[in-house]
Amino acid sequence: MTAQLIDGKAVSLQVLDRVAAGVATRRASGARAPALVTVLVGGDPASQVYVRNKRLACERVGITSLPLHFPDTLTQAELLAEIDRLNADEAVDGILVQMPLPAQIDPNAVIERISPTKDVDGFHPYNIGRLACRVPVLRPCTPYGVIELLKSAGETFKRRTAVVVGASNHVGRPMMLELMLAGATATCCHRFTADVAAEVARADIVVIAVGKPGFVKGDWIKAGSTVIDVGINRLADGRLVGDCDFEAAKQRAAFITPVPGGVGPMTVAMLMQNTLDAANARTQ
Ligand code: GUN
């Protein structure tokens with residue numbers, strides 16, 4: 001068996017078309033375009049690429065992109081004051097502070113300072129709590145995008161076992177909440193899990209987000225399962241690879257995401273969806 005590839009680029013373009021149509025409807029009713037502020041602190045090259053991709057997506061769907069770039073000497077107090085200003089600015093619908101931040105800034109303090117109504121990353125404890133209580137508002141973009149990818153592959157979730165490998169605040173934990181909301185029977189593996197291979201081997205759906213190339217071996221994968229690889233790692237030779245041994249897993253899975261071109265484009269597309277939703281919620 002060779003798995004069918006789940007084309008994240010194609011699915012993300014469908015989401016972006018849907019958002020563009022939503023923006024057009026909003027504007028036709030006389031409202032201004034949704035506005036997203038991207039905050040970049042320092043010059044991390046990967047972060048610069050991510051922020052640029054987010055700005056290009058804004059242009060594509062008709063969202064106003066307002067980029068802010070600060071030096072890596074910015075203090076936490078200065079960043080929090082900037083967030084207070086953006087929270088109070090009626091012309092701003094979404095605030096995205098690109099992670100990671102320089103060591104002098106506590107990311108949790110920043111996440112909790114952003115108004116939950118403008119938290120288009122879906123990282124604020126309020127938005128995580130809404131998802132946990134099955135009344136989601138702004139949903140963490142990567143897990144939200146993974147659900148869209150799974151639906152595109154015909155996944156039905158109910159009576160299906162899902163295993164999430166990785167328990168981060170931004171991906172693994174909200175991924176568990178999304179999978180449970182969708183009706184799957186979900187298990188999370190983390191650094192203290194006794195036998196990750198055995199957990200993965202019984203999963204109909206595997207979502208991997210650990211940030212270690214080749215962490216999940218191909219022979220762990222259950223035949224006919226769906227594998228979603230959230231990892232994106234650059235090897236010494238410059239190649240980008242996920243967290244799963246793709247070539248071996250492809251021989252066993254029914255559906256699998258490539259890296260790059262799987263989950264990555266979906267994160268940006270769901271950010272656009274969240275920004276439109278945040279704007280519409282504020283003007284209703
Ligand atoms: N850094 C890596 N991924 C993300 C993301 O989805 N949002 C933010 N704000 N920073 C990131």
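In whole percent, and with a 1.4 Å probe on the protein chains, what portion of the accessible area of the stretch 90-197 is carbon and sulfur?
After summing per-atom areas, the C and S share lands at 53 percent.
If each residue of separation counts as 0.36 nm, what is the full-extension length gain between Met1 and Met180 once their alpha-carbon separation is subtracted?
Stretched out fully, the Met1 to Met180 stretch lengthens by 61.6 nm.
Nearest 10 degrees, 0 to 90: what angle lies between the long axis of helix 76-88 and the longest principal axis of the chain (Cα atoms)?
70
How much accessible area per residue does the chain have, in Å², with a 1.4 Å probe?
I get 46 Å² per residue for the chain.
What does the accessible area of Glu82 come to, in Å² to the nearest 10, when a probe of 1.4 Å is used?
Looks like 40 Å² after rounding.
Quantify, in whole percent, the carbon and sulfur part of the accessible surface of the stretch 2-73 (1.4 Å probe; protein heavy atoms only).
Roughly 55 percent of what the probe reaches on the stretch 2-73 is carbon or sulfur.
Residues in the stretch 18-61, backbone N under 15 Å from the label point at Arg234 (7 Å along the Cα-to-beta-carbon vector): list them, ranges by number please.
Taking a point 7 Å out along Cα→Cβ of Arg234, the residues of the stretch 18-61 whose backbone N falls under 15 Å are 43-53.
With springs only between Cα atoms under 10 Å apart, run a GNM on the chain and tell me which of His170, His124, His69 wobbles the most.
His69
Alpha carbon centre of the stretch 233-270 versus the stretch 155-232: separation in Å?
The stretch 233-270 and the stretch 155-232 have Cα centres spaced 14 Å from each other.
Which residue, Gly145, Gly166, Gly42, has the most motion in a Gaussian network model of the chain that connects Cα atoms within less than 10 Å?
Of the options given, Gly42 has the highest mean-square fluctuation.
Which value in deg cm²/dmol, rounded to the nearest 500, describes the helix-derived mean residue ellipticity at 222 nm for the chain, given -39,500 (n - 2.57) per DSSP H run of n ≥ 4 and division by the residue count? Write out the running numbers ahead of the final one.
On the way: 10 runs with 120 residues, N = 284.
For the chain, the value works out to -13000 deg cm²/dmol.
Just report the Cα centroid separation between the stretch 132-153 and the stretch 91-129, whole Å.
If you average the Cα positions of each part, the centres end up 18 Å apart.
7 Å from Cα along Cα→Cβ at both Arg85 and Ala248: what's the point-to-point distance in nm?
Between Arg85 and Ala248, the simple spin-label model gives 5.2 nm.
Give, in nm to one decimal, the length gained when the segment between Leu68 and Leu56 is fully stretched (0.36 nm per residue of separation minus the Cα-Cα distance).
Contour length minus the Cα-Cα distance gives 2.8 nm.
Quick one: which of Lys9/Lys222; Lys9/Lys158; Lys9/Lys54; Lys54/Lys118; Lys151/Lys250; Lys212/Lys250 span more than 24 angstrom between C-alpha atoms? Write down the numbers at each step before the final one.
Working: Lys9/Lys222 26 Å; Lys9/Lys158 26 Å; Lys9/Lys54 14 Å; Lys54/Lys118 16 Å; Lys151/Lys250 19 Å; Lys212/Lys250 18 Å.
In this structure, Lys9/Lys222; Lys9/Lys158 exceed 24 Å between Cα atoms.
So if I place +1 on the C-beta of Lys and Arg and -1 on the C-beta of Asp and Glu, and nothing else carries charge, what would the dipole magnitude of the chain be about its Cα centre? I want it in debye, nearest 20.
Roughly 760 debye for the chain.
Helix 45-61 against the longest principal axis of the chain: what's the angle in degrees, Cα atoms only, rounded to the nearest 10?
The helix 45-61 is inclined about 70 degrees to the chain.
With point charges of +1 on the Cβ of Lys and Arg and -1 on the Cβ of Asp and Glu, referenced to the Cα centre of the stretch 76-173, which listed residue (Leu150, Gly172, Pro125) lies farthest in the positive direction of the dipole?
Towards the positive end, the residue furthest out is Leu150.
Dipole of the stretch 129-284, Cα-centred, from +1 at each Lys and Arg C-beta and -1 at each Asp and Glu C-beta, to the nearest 20 debye?
Computed about the Cα centre, the dipole is about 360 debye.
Among Cys141, Ala184, Ala236, whose Cα projects farthest towards the positive end of the dipole of the chain, with charges put on the beta-carbon of Lys, Arg (+1) and Asp, Glu (-1)?
Ala184
So what is the orientation-averaged projected area of the chain, using the convex hull of its C-alpha atoms, in nm²? Working shown, then result.
Numbers: hull surface 59.4 nm².
Taking a quarter of the hull surface, the average projection is 14.9 nm².
With a Förster radius of 51 Å, plug the Cβ-Cβ distance of Ala103 and Thr25 into 1/(1 + (r/R0)^6) and report the FRET value to the nearest 0.05.
0.70
The values are calculated or read from the model by the stated rules, or taken from the named source; none is laboratory data. What you see is a predicted model, and the numbers here were worked out from it, not measured in a lab. Ideal geometry is used to build each Cβ from the backbone, glycine not excepted, and the neighbour counts take in all protein chains shown. Surface areas here come from the heavy atoms of the whole protein model, side chains and all, with no ligands, DNA or RNA. Shrake-Rupley method; radii C 1.70, N 1.55, O 1.52, S 1.80 Å.
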